[in-house]
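Trainee: Got a structure here, written out as structure tokens. Questions coming.
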Amino acid sequence: MKIGYVMQEGGPDVRSIPRTGPANHVFKIFEELKRRGHDIRFLARYNGVIWKSDDLVTFHPVVVKRCDTGPFRVVERFVRGVQSRLSLPYWNFFESLRFAEACRQELGDCEILYERMGWMGYGASLWARWSGTHLIIEVNNGDFVTELKMLKVPLSGFQRWLSLRLMGGVVRRSRFVIATGDGHRERFIVFWKAEENKVVTIENGTDLVGLLDRRDLVAFKPNEGRSRPVTIVFVGAFEPWHGVLKLLTAIKQVTAVQSNVSLVLIGSGTLASEIRRFIDEHRLHDVVKMTGQLGIDDVARQLASADIGVAPYCGWMEFSGLKLFDYKAAGLAIVASGQNGQPRTLTHGRTALIVPPCDESALAHGLLALIGDEEMRRTMGRNARDEAEQRHTWQHTVQEIEQVFGTVMNQH
């Protein structure tokens, strides 16, 4: 099958090393599709430049012949000038048209366009409409409008109407939608009034099943007693909905009861400075360590020596995420936010303790329950690893994606 994996707006930069969790998601899906014999090319727009790659190792800038020279540029400069002077609404027309032409030029013979959906990116949708290519979108966010509001760039008035109309066209023209979690799927269906039978959940995979042997993991090592602190770990983005500040408040409550505890925060994000300030103000330097963004091998080493993984999502529609699959592969007992059957990947009392979102006291009580019961931690960690080996490899994830591609090809 000939596949174009595309990202026009807001996609993770897979060129940067170490890769973030979302960038690693893109890399592993691309790599596994290629390993399974598909002819696949990557096309993405970063900082105003369109890049292509056939291996996600070497990247080449794309000169779009129909758009980067000649009359098109003259018209573009004129229209942009008028738009700027009159403060007209932003509609990303020239960027999307250029991306559509890049798809024509670089992916013209592809049967499938697999797009990681980004806000105000509709170039791939334009090309799919013109060419009849099957467009399948991957949804890592069921409601961009809410996310933009949380990031303090809310949409309103005519700009909101225009944005929703343009992106609604992308949704309608897509043949199928793959959501990475049930929360995203449910919100996507409600927000876009999408057909339920055309939106499926396919959960992420994790590299750590292969990177970590059971013998490396605390849950599988002989129980010889311990003097070291119980190590809690968070991996992810420092954004408001990831709940890191809620976690730090809970850790304050935990340390008032249990002194033999440490917390490792792995990642980066817009709240990094605020997190450091909280640690300073509450004198948590001896308890909390911030590592910054780490490569996957370093993440694996950190998780292998930890006891508890934590996912304190707060104010968000989705309670799943890459971190949960990494925690499970590392054999960690987990404390995670959840409600209404989410996150589906965890079972309360078997692989995790699921607590109400945004509730620092419940989060602290969950952590204290696991800190105080080593056998429960080890049992949950072993159960989590068993499930990861069975269900959370990237091979399993891509097999399910491949089945969607086959369904779309057979239907049309």
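Trainee: Give segment 173-216 a look and list any residue that's assigned to a helix (DSSP H, G or I), over 25 Å from ARG129 (Cα atoms) and free of Cβ contacts under 8 Å to residues at least 12 places away in the same chain, or say none.
Mentor: ARG215
Trainee: Check ALA219, ALA237 and return the single one that is over 20 Å from the mean Cα position of the chain (by Cα), small (Gly, Ala, Ser) and not assigned by TED's automatic domain parsing to the domain that holds GLY132.
Mentor: Only one candidate qualifies: ALA219.
Trainee: Suppose we keep only residues that are hydrophobic (A, V, I, L, M, F, W, C) and surrounded by fewer than 16 Cβ atoms within 10 Å (Cβ to Cβ) within segment 231-271. Which one would you say is nearest to VAL153 (Cα to Cα)?
Mentor: Only one residue tops the list, namely ALA256.
Trainee: Next up: Would you tally the residues in segment 65-99 being closer than 20 Å to GLY10 by Cα and over 25 Å from the mean Cα position of the chain (by Cα)?
Mentor: Result for segment 65-99: 7.
Trainee: Specify which of the listed residues (THR58, THR69, THR20) is of a type in the set (S, T, N, Q) and buried (at least 19 other Cβ atoms within 10 Å of the Cβ).
Mentor: THR20
Trainee: With the requirement that a residue be over 18 Å from THR393 (Cβ atoms), within 18 Å of the chain's Cα centre (by Cα) and surrounded by fewer than 19 Cβ atoms within 10 Å (Cβ to Cβ), what does segment 23-45 give you?
Mentor: ALA23
The rows are residues; the columns are (1) more than 20 Å from the chain's Cα centre (by Cα); (2) without any contact (Cβ under 8 Å) to a residue 12 or more places away in the chain; (3) not assigned by TED's automatic domain parsing to the domain that holds ALA237.
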residue	(1), (2), (3)
VAL310	no, no, no
TYR313	no, no, no
MET317	no, no, no
ASN340	yes, yes, no
ARG350	yes, no, no
SER361	yes, no, no
ARG377	yes, no, no
GLU402	no, no, yes
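Trainee: Every residue in segment 369-391 that is touching a helix residue (DSSP H, G or I) at 6+ places or on another chain (Cβ under 6 Å) and within 28 Å of LEU248 (Cβ to Cβ), please.
Mentor: LEU370, ARG377, ARG378, GLY381, ALA384, ALA388
Trainee: Follow-up. Quick check on VAL153: is it under 16 Å from GLY118 (Cα atoms) and in a helix (DSSP H, G or I)?
Mentor: no
Trainee: Give the residue that is modelled with the lowest pLDDT, with candidates limited to residues of segment 270-311 that are within 27 Å of GLY331 (Cβ to Cβ) and among the small types (Gly, Ala, Ser).
Mentor: GLY295
Trainee: Taking ARG160, is it modelled with pLDDT of 95 or more, surrounded by fewer than 19 Cβ atoms within 10 Å (Cβ to Cβ) and farther than 26 Å from ASN204 by Cα?
Mentor: Values: modelled with pLDDT of 95 or more: no; surrounded by fewer than 19 Cβ atoms within 10 Å (Cβ to Cβ): yes; farther than 26 Å from ASN204 by Cα: yes.
Judged against the criteria, ARG160 is not a match.
Trainee: Here's a check for you: in segment 315-342, which residue that is at pLDDT 95 or above, outside any helix (DSSP H, G or I) and not aliphatic (A, V, I, L, M) is surrounded by the fewest Cβ atoms within 10 Å (Cβ to Cβ)?
Mentor: This residue is GLY338.
Trainee: Let me ask something else about it. Among the residues of segment 46-57, is there at least one that is under 25 Å from the mean Cα position of the chain (by Cα), of a type in the set (Ser, Thr, Tyr) and in the same structural domain as ILE112 (by TED's automatic domain parsing)? So that I can check it myself, show each step before the final result.
Mentor: First pass over segment 46-57, keeping only residues under 25 Å from the mean Cα position of the chain (by Cα): 46-57.
Next, from what is left, pick out any that are of a type in the set (Ser, Thr, Tyr): 46, 53.
Among the residues that remain, those that are also in the same structural domain as ILE112 (by TED's automatic domain parsing) are: 46, 53.
Yes; the residues of segment 46-57 include at least one that is under 25 Å from the mean Cα position of the chain (by Cα), of a type in the set (Ser, Thr, Tyr) and in the same structural domain as ILE112 (by TED's automatic domain parsing).
The values are calculated or read from the model by the stated rules, or taken from the named source; none is laboratory data. Not measured: the values here are computed from a predicted model. Cβ coordinates were reconstructed from backbone atoms using ideal geometry, including for glycine residues, and neighbour counts include every protein chain displayed.
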